[in-house]
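Worksheet for the structure shown next.
The values are calculated or read from the model by the stated rules, or taken from the named source; none is laboratory data. Treat the numbers as computed from the prediction; the structure is a model and nothing was measured. With ideal geometry, Cβ positions are generated from the backbone for all residues, glycine too; neighbour counts draw on all protein chains shown.
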Amino acid sequence: MSTDETFNPWRVLGSRAVYENPWISVREDEVVRPDGNPGIYGVVHYKNVAVGVLPVEDGHVYLVGQYRYPLGRYSWEIPEGGCPAHEDPLQAARRELKEETGLDAANWEKLGEADLSNSVADERAVLYLATGLVPGEQEPDGTEVLGVRRVPLDEAISMALDGRMRDAISQLALLGYAMKRTGGSAL
């Protein structure tokens with residue numbers, strides 16, 4: 001077992017594009033696996049960075065509800081969306097908050113970053129806390145039919161813990177903020 005964190009036990013023999021659209025590309029690599037045997041590895045490349053916004057005001061958070069096509073079900077989550085390569089993630093977060101909730105925020109703080117499904121995809125997320133909220137009009141894009149709810153923060157945290165909110169970006173933002181709020185101690 002190697003303790004060298006820079007050591008890559010995979011060897012790529014070849015790669016071919018399998019599929020591409022404006023948001024993702026999929027490739028299949030012919031590899032030599034760490035055990036020395038030949039294999040294949042499929043990789044999904046995300047063309048956008050995911051951004052998530054935790055809008056907090058007076059002990060409440062704003063959640064966005066929408067039907068998620070890949071899951072075949074409705075999902076309550078924090079405002080989130082994609083940040084193209086030419087856009088700053090904070091600017092994308094501001095845009096997504098406005099589009100999905102109508103809110104703007106006076107104060108922004110980066111909560112962290114995460115790799116969302118690193119066994120098959122390279123999708124990266126950047127998470128922000130938004131405070132000093134100012135109401136406005138929603139501006140959803142054509143793929144969104146959105147509900148917005150103002151929920152007590154503790155209720156949203158409970159939703160993240162008990163499975164009512166299963167979106168990874170939302171869980172990371174809410175639970176990370178809860179830990180930060182309590183000084184890193186247990187909830």
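Of note:
- Boolean, Val126 is touching a Phe, Trp or Tyr at 6+ places or on another chain (Cβ under 9 Å), at pLDDT 95 or above, part of a strand (DSSP E or B) and not basic (Lys, Arg): no
- Filtering the range 157-173 to residues that are surrounded by fewer than 18 Cβ atoms within 10 Å (Cβ to Cβ) and not in a helix (DSSP H, G or I) leaves Gly163, Arg164, Arg166.
- Residue check, Asp4 under 16 Å from Arg149 (Cα atoms), exposed (fewer than 14 other Cβ atoms within 10 Å of the Cβ) and of a type in the set (D, E, K, R): no
- The lone exception for Ser15 - which of (1) at pLDDT below 95; (2) not assigned by TED's automatic domain parsing to the domain that holds Ala93 it fails: (1)
- So Val56, is it in contact (Cβ under 8 Å) with a residue 24 or more places away in the chain, in contact with a Cys (Cβ under 9 Å, 6 or more places away or on another chain) and closer than 30 Å to Leu153 by Cβ: no
- Residues of the range 17-36 classified as surrounded by 10 or more Cβ atoms within 10 Å (Cβ to Cβ), over 22 Å from Pro84 (Cβ atoms) and not acidic (Asp, Glu), total: 5
- The range 62-112 - residue that is among the hydrophobic types (A, V, I, L, M, F, W, C) and farther than 20 Å from Thr143 by Cα and, of those, surrounded by the most Cβ atoms within 10 Å (Cβ to Cβ): Ala105
- Close pairs (7 angstrom Cβ cut-off, 6 or more residues apart or separate chains): in contact (Cβ under 8 Å) with a residue 60 or more places away in the chain in the range 33-53, of a type in the set (S, T, N, Q) and surrounded by 14 or more Cβ atoms within 10 Å (Cβ to Cβ) anywhere: His45/Ser25; Gly52/Ser170
- Taking each residue of the range 113-125 that is at negative phi and looking for partners that are of a type in the set (Phe, Trp, Tyr) and loosely packed, with under 11 Cβ neighbours inside 10 Å with beta-carbon atoms closer than 7 Å, six or more apart or interchain, yields nothing.
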